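Asker: Pasting a structure here, questions to come.
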2 protein chains.
Amino acid sequence: MPEPRQRADAVRNRETVLDAAEELFTRAGPAGVSMNAVATAAGVGKGTVFRAFTDRTGLLQALAERRSAPLRRAVAEGAAPLGPGTPPRERVPAVLDALLTAKLDNQALYLALEEAGAASPYQSPSYAWWHGVLRDSLAELTDADRAGFLAHVLLAAVRADLVAHLAGAGRVPVAALRRRLAEYTESVLP
Amino acid sequence: MPEPRQRADAVRNRETVLDAAEELFTRAGPAGVSMNAVATAAGVGKGTVFRAFTDRTGLLQALAERRSAPLRRAVAEGAAPLGPGTPPRERVPAVLDALLTAKLDNQALYLALEEAGAASPYQSPSYAWWHGVLRDSLAELTDADRAGFLAHVLLAAVRADLVAHLAGAGRVPVAALRRRLAEYTESVLP
DNA sequence: TTGCAATACGGACCGACGGTCCGTATCTTC
DNA sequence: GAAGATACGGACCGTCGGTCCGTATTGCAA
């Protein structure tokens, strides 16, 4: 598989589009980010955007990928409390807290990503990855089936729209939210 | 507020549309239910649909309202284990199980409802109602803030797309799913 | 350096969707 | 049965995600 090597302008444009989209997401809400708007903001034709990312979902995923890369690396190969060596009772709460924080920091992006056209978030490879991390960790504490279910339920507790609702309606301050989540997570561990 | 009395054809049409939409949802997926399709299936003009329900979200809510009316009544004023007299440790799991079952039985409808255009499900009056029920019940076991948070998290565990993912990917049989949810719910109660 | 594939570019174009508008038909009231 | 109020239908609109193709750029080889 020789990986047919990309043309220089293509990779340059890909980056430009990603930057423009990121900027757009923070400036306008997720609603204001149409593919056309992204293309225009990037100073590029619409076709270019679609060639680089296939479709809207692809763009969103690429964006989230880039944004969460450090966190994912920390979880995949970092030190405690996020890294793989950490005992589950410490790691699971740490991962959830990190996810909560990430979604708070990038609300618009994650909101857009979780609707993702018509496909549920549960199709995305990214979801599968996080679910796998939690499931495997939890499997040290209980049987596999229960671990899988628990992982789903825990991730549901940090879904972008719920987080946005809790934090955004101004009801719960961030610190309190994190505390609640932590105590909840703890209470769920087998 | 004299409630200006509806014309006969209007109420008749409203019912017709509701029926047609319900039928459409079960026949085609949620994707296949455009407002145009609903109008056509009801043998009615598009304008009529919009006049009766304001917008797509309105139609979906009306539909869900009608479908879940018996359950809501059972919770609001019925007997144990769903009714308001029931002690929380019995009522909360019962309500969640009932919600799980409802979503399993009407996947397409609830899926469509939870995306609901662009507004998160957390805006809908129906969500607020269910959240209130759980919150109030849980408030007998713990303080108000914690009860509110717990209610959100419990509802997140029975979100339509998660339920559809678990049951629909064929992974978890319904009986097992209900059992898992029950044991999870129990473990979360303070 | 130049010639020539191969590739990417841009933006006009498409079909579908949610939602609006208004001339016409139907209902209700007196 | 006449007149005023209300609802009807469907043509119409703006926008969106996505496609297509003639044109411009790039990279390799001579």
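The values are calculated or read from the model by the stated rules, or taken from the named source; none is laboratory data. Fair warning: this is a prediction, and the values are worked out from it, not measured in the lab. Positions of Cβ are generated from backbone atoms using ideal geometry, with glycine treated the same way; all protein chains shown enter the neighbour counts. Heavy atoms of the whole protein, side chains included, go into the accessibility calculation; ligands, DNA and RNA do not. Shrake-Rupley method; radii C 1.70, N 1.55, O 1.52, S 1.80 Å.
Asker: Going by the conditions given, is A:GLU15 open to solvent by 50 Å² or more (accessible area, probe 1.4 Å) and either acidic (Asp, Glu) or touching a Ser or Thr at 6+ places or on another chain (Cβ under 8 Å) (or both)? Walk me through how you get there before you give the answer.
Answerer: Values: open to solvent by 50 Å² or more (accessible area, probe 1.4 Å): yes; either acidic (Asp, Glu) or touching a Ser or Thr at 6+ places or on another chain (Cβ under 8 Å) (or both): yes.
Considered against the rule, which asks whether it is open to solvent by 50 Å² or more (accessible area, probe 1.4 Å) and either acidic (Asp, Glu) or touching a Ser or Thr at 6+ places or on another chain (Cβ under 8 Å) (or both), A:GLU15 comes out as yes.
Asker: Out of A:ALA64, A:ALA74, A:ALA52, A:ALA39, I need the residue that is touching a Gly at 6+ places or on another chain (Cβ under 8 Å), within 16 Å of DNA strand D (Cβ to nearest atom), of a type outside the set (Phe, Trp, Tyr) and away from chain B (no Cβ under 14 Å). Which one?
Answerer: A:ALA39
Asker: Now a separate question. Condition check: among the small types (Gly, Ala, Ser), touching a residue at least 60 places away in the same chain (Cβ under 8 Å) and either closer than 30 Å to B:GLY29 by Cα or not assigned by TED's automatic domain parsing to the domain that holds A:GLU90 (or both). Does A:ALA128 satisfy that?
Answerer: no
Asker: Just give me the residues in segment B:5-36 being under 23 Å from the mean Cα position of the chain (by Cα), among the acidic types (Asp, Glu) and within 12 Å of DNA strand D (Cβ to nearest atom), in sequence order.
Answerer: Within segment B:5-36, B:GLU15 is the sole residue that qualifies.
Asker: Working only within segment A:27-52, note down all residues that are in contact (Cβ under 8 Å) with a residue 12 or more places away in the chain and surrounded by fewer than 12 Cβ atoms within 10 Å (Cβ to Cβ).
Answerer: A:GLY43
Asker: Going residue by residue through segment A:87-106, is there one that turns out to be polar (S, T, N, Q) and closer than 27 Å to A:VAL17 by Cα?
Answerer: Yes: segment A:87-106 contains one or more residues that are polar (S, T, N, Q) and closer than 27 Å to A:VAL17 by Cα.
Asker: Look through segment A:173-186, keep the residues that are open to solvent by 40 Å² or more (accessible area, probe 1.4 Å) and over 19 Å from A:ARG135 (Cβ atoms), and return whichever of them is nearest to the other protein chains (Cβ to nearest Cβ).
Answerer: A:ARG180
Asker: Right, A:LEU82: more than 12 Å from DNA strand D (Cβ to nearest atom) and part of a helix (DSSP H, G or I) or not?
Answerer: So A:LEU82 fails the test.
Asker: Taking the residues in segment B:123-134 that are surrounded by 18 or more Cβ atoms within 10 Å (Cβ to Cβ) and under 19 Å from A:ALA156 (Cα atoms) as candidates, determine which candidate is nearest to the other protein chains (Cβ to nearest Cβ).
Answerer: For segment B:123-134, the residue satisfying everything is B:SER124.
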